[in-house]
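Taking it in order: structure first as structure tokens, then the write-up.
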Amino acid sequence: MTLLTLVAAVLRLYQLETPSMWWDEILVPLNAATPISDILARAAMEDFHPPAFYLLIKLVMEAGDSDFALRLPSALAGIATVPLLYAMAAPRVGRTTALFAAAILAVDGPMILFARQVRPYALIIFFSLLSAHLLLRWCERPKTGTAVALTAATCSSVFLHYLSLLILAVQGLFAVIVFVRRRGGRPWGQLAVYVLGSAGAVAATWSFFHSNPDTLTKGTVAATALSGLDRLAWVFFGNGSSLIAQAGIVLLALVGTLLLARRNRPLAILGLGTVAGPVILLALARYNSYFNAWHLSFAVPYLCLMAGACLTVLVRPKRIAPVVAVVLGMTAGGAVLWFGQTRYYEPQSHTGNYKQQARQLSGLLRPGALITYSELSELDGADWYASRYASPDPLRRRTVSIGQEVAEDFVSFGNFGHLGRTAEEFLVHFDTIQGNTPLAGGAVYHAVMKHAPPHMGPSLPWRDTLEMTPWDVARQCDAIAGANLVNLFGGSLVPETGDGPGILRYGIESSPSDPRPLFVRLTVPYCNPVAGNIVRMTYAFDGEPPMVAFESQGNEPEAVRTVILRPDKPFSRLECQFTLEPHSSWPNMTGNSGIFVRLKAVSLYANAIAAESLGSSSLDVQEEGIGPVEQGDAGQWRWALGAESTLRFTLPEADAVTADLAINNPIPGQAITLLFNGLPLADIRDLAADKWLSPTVERHLRLEGRQGENTVTVRFAAWNGKPDVPSATFAPGDGRLLAGAFTRLRLERENKAARLVY
């Protein structure tokens, strides 16, 4: 048995440091690195697993966070499971069967894989097998110490995974049946220890379970059962889709159980129940929403035991069978080392590229270049390794060099985010493509953009948008430091890490020769859901000391601020700076803070105050039932659409507001009603059709606005295409519900400030 344990140890510890962690692995230390309160909160709201394994890895990280250290608990559990299976089987079904079972377990491919990853499954397998071993011992010879050890092993398994409750269900039912059938005195106190301890573990674990029950009943009973068989075949044979493998599992379970039952019926029943019971329970519950093969990995030792029973029958003479078992295990172990290099022991064996990416990026990312990433999760993985193994860290504390041209390095982790489906579609936006360099799992594209800061004018109104795309940011911005761009959902600016702010400075040139008083309106969308994190905007005209426009201190998952600036004199330059400061983590997501502190596309609008006839220079107005500004030879207008056009605005305190309205009516017999905060202001009926853009309905109103939300509503009795008013259709080829054309639509506060933030 010592030789088989040594084989298991070599297969699980050899090159344990070499393969890069993959995403499910690296999520564990990323989560474990957060405060304990966040680990518990994330388990209760986001994670598919209880928090115990994360807490264990957090303890491990106190000693070291190398791949070897992080994987060591799983590796040790995987090694220990081999002699544990032998210890459980040998006294009950014989040394030969136990040796064959241990040999198969030592070299089983999926078991090697589970033991070489920062995942809880190797520990679940060990503790569930340990609890079975102790349960059999307790049923055979009840002792208080055995009952306590059994309870501890059961609790350890339950703490690690919700589906360990299925193991407990099988073992608990087995214990009750044996207890009821027991002759003579029954150890009630010991049973109480087991029942109460297990119930406490279930209650503690279940307190973190948060899935919606609707997600747990998506498949039919038959489909879920077949899915379970597929997964059993995968965790034992490494191929669940093969009909031969699935038939082999059924045959193995039947024949193996019969052979085991000849030597020890309780072990045979418990083994078959552990293999088939969870699948039956899942099938009856029709659970298949998050059910992968790994969740049935605890069945493998019993399948190995059944296979061992079959091999024992086949090997003759019996006296050489133990030697054959050991030789088989050692030979198969050598084959795994020789032929399994790419599966287990090479840098990308576990499908992760992060370690290689971190090492490569050190030499690929150009100093001073603007870095854009296609995926945040991939960035998390590369950043984990770069922060530990690369010096200097290529992904942190970067400052972009802004000159006549801006260098850009786009890190594609195999895709282009949401800004392009193909390389051609994405790269067409750049001025110059200087080539690309292969990266593990992707490529780094090297590009150049000409720097062309925005210039307001010469004609007004002026509109511009600073998209959070690599081409827009490089072209328009004056400074970027400590921040990255990520091509998610139109692009976002995110801080590099939680240990420093991300800064973006954006300058707009203007012509000071225009003497008209201007206003500038900036619409700033951002994400900042966590209290303690900061999103700040400052501004300055012509080198004056910067002023804070707004500062968000969190609790804003999806927010939009509107900043209206009304400088008191002409200016040459407006400089805006956006600062992203992640101080607090968010249990909903581990890793890079950019997923929850981010800046989106910033829109700008500027106009002469006196010329703003179809908007507002002092209010953030939300519009409903109103079309965009249109322009023709006769002037500008905005269509009223449908039965109501509504203007909503919020006042920090009660204040007077002026409303200047002019409506061109194209529909004969039209009726128009004006309301403020639901109260009628005017009711105008039987209107004649107006000459185009020569309005007959004009009102200049002084309104006493209240603190909070206010509404100005314009109601129309008819509109283009209204079915019950044939005469209202004045533009049959236009499918819009055109009710009237606003030629003036202006709301203004009477007490106008130089800076207004909404």
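The values are calculated or read from the model by the stated rules, or taken from the named source; none is laboratory data. What you see is a predicted model; the values in this text were computed from it and never measured. Glycine gets a Cβ as well: all are built from the backbone with ideal geometry, and neighbour counts include every protein chain shown. These area figures cover heavy atoms from the full protein model, side chains too; ligands, DNA and RNA do not enter into them. Shrake-Rupley method; radii C 1.70, N 1.55, O 1.52, S 1.80 Å.
Using Cα atoms only, what is the angle between the long axis of helix 243-263 and the major principal axis of the chain, expressed in degrees (0 to 90) to the nearest 10? Approximately 40 degrees, to the nearest 10.
Helical content alone sets the calculated 222 nm signal of the chain at -12500 deg cm²/dmol, taking -39,500 (n - 2.57) per DSSP H segment of four or more residues and averaging over every residue. Summing charges over neighbours of PRO517, with a neighbour being any other residue whose Cβ is under 9 Å away from its Cβ, gives +2 when K and R count +1 and D and E count -1.
Per-residue Karplus couplings for region 528-539, computed as 6.51 cos²θ - 1.76 cosθ + 1.60 with θ equal to phi - 60°, are listed in order as 7, x, 9, 4, x, 8, 10, 10, 10, 10, 10, 9 Hz, Gly and Pro entered as x. Give the distance, in whole Å, between the Cα centre of region 465-511 and the Cα centre of region 405-444. When both Cα centres are located, 17 Å separates them. Each 10 Å bin from zero up to the one holding the largest Cα-Cα distance in region 161-300 carries the following percent of pairs: 11, 34, 34, 18, 3. The C-alpha atoms of the chain define a longest principal axis, and helix 144-160 lies at about 30 degrees to it. Accessible surface calculations at 1.4 Å, restricted to protein heavy atoms, place the chain at 41 Å² per residue. Phi angles of region 722-727 translate, via the Karplus equation with coefficients 6.51, -1.76, 1.60 and θ = phi - 60°, into HN-Hα couplings of 5, x, 8, 10, x, 5 Hz per residue; Gly and Pro are given as x. Treating the angle as unsigned and between 0 and 90°, give the value, to the nearest 10°, between the Cα long axis of helix 300-314 and the longest Cα principal axis of the chain. Once rounded, one gets 30 degrees. Loop-located trypsin sites (Lys or Arg not before Pro) in region 215-292 (DSSP state not H, G, I, E or B) with no more than 15 neighbouring Cβ atoms inside 10 Å: LYS218.
Computed FRET efficiency, Cβ-Cβ of THR432 and THR465, R0 22 Å: what is it to the nearest 0.05?
According to the calculation, E is roughly 0.40.
Please give the net charge around PHE114, taking every other residue with its beta carbon less than 15 angstrom from that of PHE114, where Lys and Arg add +1 and Asp and Glu add -1. The answer is +3. Among the trypsin sites (Lys or Arg not before Pro) found in region 102-201, those both in a DSSP coil and sparsely packed, with 11 or fewer other Cβ atoms within 10 Å of their Cβ, are ARG183.
Share of carbon and sulfur in the accessible area of region 61-217 stands at 66%, probe radius 1.4 Å. Once backbone amide H atoms are built at 1.01 Å from N, ALA483 has ARG398, GLU496, ILE503 as its partners under 5 Å, excluding neighbours fewer than 5 places away on the same chain.
Rolling a 1.4 angstrom probe over region 436-527 with all protein chains present gives an accessible area of which 56% lies on carbon and sulfur atoms. Sorting 335-342, 305-312 by their mean Cβ neighbour count within 10 Å, with the most densely packed peptide first, gives 305-312, 335-342. If only the Cβ of Lys and Arg carry +1 and only the Cβ of Asp and Glu carry -1, the dipole of the chain around its Cα centre is close to 4660 debye. Using the Karplus relation 6.51 cos²θ - 1.76 cosθ + 1.60 with θ = phi - 60°, the per-residue 3J(HN,Hα) values for region 181-189 come to 7, 5, 8, x, x, 9, x, 4, x Hz, with x marking Gly and Pro. Amide H to amide H distances under 5 Å link GLU405 with HIS451, where only residues 5 or more positions off or on other chains count and H is placed in the peptide plane.
Looking only at Cα atoms, what is the convex hull volume of the chain per residue, in Å³?
Residue-normalised Cα hull volume stands at 222 Å³.
Loop exposure criterion: GluC sites (Glu not before Pro), DSSP state outside H, G, I, E and B, at most 11 other Cβ atoms within 10 Å. Applied to the chain, the longest stretch between such sites is 63-652. Surface composition of region 219-276: carbon plus sulfur atoms contribute 71% of the solvent-accessible area (1.4 Å probe, protein chains only, all chains present).
Rounded to 0.05, the FRET efficiency of the ARG343 and LEU6 pair, given R0 = 22 Å and the Cβ-Cβ distance, is 0.60. Other residues with beta-carbon under 12 Å from the beta-carbon of LEU361 carry, at +1 per Lys or Arg and -1 per Asp or Glu, a net charge of +1.
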